[in-house]
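Participant: I'd like to ask some things about the structure below.
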Amino acid sequence: MKRQQFWYALQAGLVGFWIAVPIIHISGFNWPFLLPFAGLILLAHVLEIPLAAQKLRALNLPFGLVALKTLVFGFTWWLPLSKGHTKT
């Protein structure tokens, strides 16, 4: 698998995760670890925003785009972009 495909696969997994969490919760399934785990991932992504903004500063991307994509994808978006492995 190429590097770009690897990162896109991880990003697709995160999108699936963010879609599945509210569906599972609203459906009434009792997975007590799911919401704290999702909250932990979201907190990690929030804390990554300054680092992502710093690493991508040279690309002159709007801060809103960096913040939004980092919230959703975390390092699977900004790390390969900072190393030139993917496109915005």
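The values are calculated or read from the model by the stated rules, or taken from the named source; none is laboratory data. Just so it is clear, the model here is predicted, and its values are computed rather than measured. In case anyone asks, the SASA skips ligands and DNA or RNA and just uses the protein heavy atoms, side chains included. Shrake-Rupley method; radii C 1.70, N 1.55, O 1.52, S 1.80 Å.
Participant: Using θ = phi - 60° and the Karplus form 6.51 cos²θ - 1.76 cosθ + 1.60, what ³J(HN,Hα) does each residue of region 10-19 get, whole Hz, x for Gly and Pro?
Facilitator: Result, ordered by residue: 5, 5, 4, x, 5, 4, x, 4, 5, 6 Hz.
Participant: What is the helix-to-structure angle for 63-73, meaning the angle in degrees between its Cα long axis and the longest Cα principal axis of the chain, kept from 0 to 90 and rounded to the nearest 10?
Facilitator: Value to nearest ten degrees: 50.
Participant: Sticking with this one: Specify which labelled value, from (i) 136; (ii) 115; (iii) 90, agrees with volume of the Cα convex hull per residue in Å³ derived from the coordinates of the model shown.
Facilitator: Checking each listed value against the structure points to (iii).
Participant: Now, a different point. Can you give me the % of accessible surface on region 41-88 that is carbon or sulfur? Probe 1.4 Å, all protein chains present, nothing else counted. Walk me through the intermediate numbers first.
Facilitator: Working: 1940 of 2840 Å².
Accessible surface attributable to carbon and sulfur in region 41-88 totals 68 percent.
Participant: Something else about it: Could you tell me the relative contact order of the chain? Use alpha-carbon pairs under 8 Å, at least six residues apart, and round to a whole percent. Don't skip to the answer; put the middle values down first.
Facilitator: Numbers: 56 pairs, mean separation 33.2, N = 88.
Relative contact order of the chain: 38 percent.
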